[in-house]
1. Which one, VAL53, VAL170, VAL129, has the greatest fluctuation when you compute a Gaussian network model over the chain with C-alpha springs under 10 angstrom?
2. Using Cα pairs closer than 8 Å and at least 6 residues apart in sequence, work out the relative contact order for the chain, in percent.
3. What whole-number distance in Å separates the alpha-carbon centres of the stretch 24-47 and the stretch 203-234?
4. Using modelled backbone amide H atoms (1.01 Å from N, in-plane), which distant-in-sequence or interchain residues come within less than 5 Å of ALA49's amide H?
5. Taking K and R as +1 and D and E as -1, what net charge do the other residues with C-beta under 13 Å from the C-beta of PRO14 add up to?
6. Taking R0 as 41 Å, what FRET efficiency do you get between ALA211 and TYR84 from their Cβ-Cβ distance, rounded to the nearest 0.05?
7. Ignoring ligands, DNA and RNA, what accessible area per residue does the stretch 127-237 give at 1.4 Å, in Å²?
8. Would you work out which of VAL62, PHE224, TRP88 lies farthest towards the positive end of the dipole of the chain, given +1 charges on the beta-carbon of Lys and Arg and -1 on that of Asp and Glu, about the Cα centre?
Amino acid sequence: MTLPTMFVPHGGGPCFFMDPMGGPPDPMWRPMQAYLAGLIASLPERPRAILMVSGHWEAPAVTVHVGARPRLLFDYYGFPEHTYRLRWDAPGAPVIARRAAALLQAAGHVVAEEDARGWDHGVFIPMMVADPDAAIPLVQMSLRADLDPAAHIAIGRALAPLRDERVLIVGSGMSFHNLRARGAQVTPVAAEWDEALAAAVTDADPARRAARVADWELLPHARFAHPEAEHLLPLMVALGAGGDGAATRDYRDVVMGWAVSAFRFG
């Protein structure tokens, strides 16, 4: 069975785990938490591994983590002390990582490997919700530091065969990521951006879809929504890997005045 590909929001810092007593997090984040908690069950088949691209890792060339037991990289700042003692002990997936590297190299991409970097919070925070038992092996892949949209769509296309090998390809970012823009006054602007983005991402024509999303800066309020593009680029990888299949908006909510969406391909 061919698995879909996904672009999911990973929230803000350790947002789902702010209560040291294990109680419910800030109510603002509960719908997103519920969406992520149902992610694996929503699939047509349980994946044997996950390949995840986070908005928190850029490298000169696309880089795959080939470590067997990655540590956690607590790359957020100013949060309660207990959030720096979180654990998520899923195994790495070196075989899948090298299979991904081979597919990318065969398509003409320059690829690097490393085994020392920890999983950043764009990986372990959403995955602690989606796979709390840490049972599914995971490999993280970096963005390319030039953040070229068309190149990342092409990277996704090269990875598409993994979908037939029970590997779930997930882009982890945020559809709106302007940390300086908060509150109700942002809501109408963020909503207009979100609707324009969703219209491009879910375009029924795959070629036109890819072209519209690659030209995301032409959408209304694009650089307000993303002063830097790193949290949007994982969407490009998921879209490319999704191929010609249907594209749907899986989730939408408003947090901190931002409309935030998730998408599923194929």
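The values are calculated or read from the model by the stated rules, or taken from the named source; none is laboratory data. Just so it is clear, the model here is predicted, and its values are computed rather than measured. Cβ: placed from backbone, ideal geometry, glycine included. Neighbour counts: every protein chain shown. These area figures cover heavy atoms from the full protein model, side chains too; ligands, DNA and RNA do not enter into them. Shrake-Rupley method; radii C 1.70, N 1.55, O 1.52, S 1.80 Å.
1. VAL129
2. On the way: 580 pairs, mean separation 78.3, N = 266.
Computed over the chain, the figure is 29 percent.
3. Here the answer is 25 Å between Cα centres.
4. LEU168
5. Values: positive: ARG85, ARG87; negative: ASP19, ASP26, ASP75, GLU81, ASP120.
It works out to a net charge of -3.
6. Numbers: r = 43 Å, r/R0 = 1.04.
Efficiency, rounded to the nearest 0.05: 0.45.
7. Details: 4100 Å² over 111 residues.
Here the residues of the stretch 127-237 average 37 Å² of exposed surface.
8. TRP88
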